[in-house]
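What follows is a short report on a single structure.
What follows is calculated from the coordinates using simple rules that are stated; it is not laboratory data. Note that this is a predicted model, so its numbers are computed, not measured. Neighbour counts are summed over all protein chains in view; Cβ atoms, including those assigned to glycine, are modelled from backbone coordinates with ideal geometry.
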Amino acid sequence: MSMTLLDEVRSGTALPLVPISLDQYQHMIDAGIFQDGDSIELLDGLLVRKDRSARGEDLMTHGLRHMLLIKRLQRLLSRPCETAGWHLQIQLPVTLTNINLPEPDITIVRGTEEDYAKRYPGPADLPLVIEVADSSLSIDQTTKQRLYATAGVPQYWVVNLPESVVEVYELPDATAGKYARHDSYGLGQTISLILSPKQTLEINVTELLR
């Protein structure tokens, strides 16, 4: 059976791919090739469809538990973040590099929404990025971790739905492309999120993942 281009990419025999830049991707949106808000991310210069489905379901569907967890995180984090001078961004782009524009499920962003009227938030604006992972678990633990660590995002969480844990990655090592510290918090445990020198938010994992 003949190999497709994707097969050749996987086997390492394909010709070099030509990545697109953030500006080129934005031009595609402006031209109507993609709609602003489509479930597409720019990762390593390649357009990737964001997987929000439950394991075993169609990639184009949005898993019900995935949606529920985003709503819970939004409820738990919104008011404390605003009090500390941050705001929440839900499934919207952040600029990491000229070829990386992921759309994390939850992002804590410095300042107010109006501060970003003319640009996407960047690494210096992001104390915490959260991905809620079901069928996307592998890419969230590997590719996404590498991108956020390389960009210097201080803290990255993966809400691991299959294993009912929250993976907390800290101390980004940009050279190695990974976080130096990785802890997992399960049911019955609490995660301390420092929002400001005077404000720490306690996240009960059982309340989040019940």
- With label points built 7 Å along Cα→Cβ from the Cα atoms of V18 and I33, find their separation and express it in nm. 1.1
- Task: Could you sort out which of K71/K118; K50/K71; K71/K178 sit more than 24 Å apart by Cα distance in this structure?
- Result: K71/K118; K71/K178
- Relative to the first principal axis of the alpha-carbon coordinates of the chain, what is the inclination of helix 64-83, with its axis defined by its Cα atoms, in degrees from 0 to 90 and to the nearest 10? 50
- With label points set 7 Å from each Cα along the Cα-to-Cβ direction at Q199 and A180, the distance between them in nm comes to 2.9
- Item | Point-to-point label distance, I191-E113, nm (Cα→Cβ direction, 7 Å offset) | 2.4
- Message: Please enumerate, by chain and number, the lysines with C-alpha under 18 Å from the C-alpha of K198, excluding those fewer than 8 residues away in the same chain.
- Response: none
- Task: Only Cα pairs under 8 Å and at least 6 apart count here; give the relative contact order of region 152-210 as a rounded whole percent.
- Result: 25
- Rule-of-thumb Rg ratio for the chain [Cα; 2.2 N^0.38 Å; N residues]: 1.05
- Item | Between region 1-70 and region 156-210, the alpha-carbon center distance in angstrom | 26
- Item | region 105-208: GluC sites (Glu not before Pro) in DSSP coil with no more than 15 other Cβ atoms inside 10 Å | E163
- In region 162-205, what trypsin sites (Lys or Arg not before Pro) fall in a loop by DSSP, with at most 12 other Cβ atoms inside 10 Å? K198
- If you count, for each residue, the other Cβ atoms within 10 Å and average over each peptide, how do 51-63, 85-97 line up from highest to lowest? 85-97, 51-63
- Query: Where is the GNM fluctuation largest for the chain (alpha-carbon springs, 10 angstrom cutoff): V158, V48, V109?
  - Reply: V48
- Query: Relative contact order, percent, of the chain when contacts are C-alpha pairs under 8 Å separated by at least 6 residues?
  - Reply: 14
- Those trypsin sites (Lys or Arg not before Pro) in region 60-132 that DSSP places in a loop and that have at most 14 other beta carbons within 10 Å: K118, R119
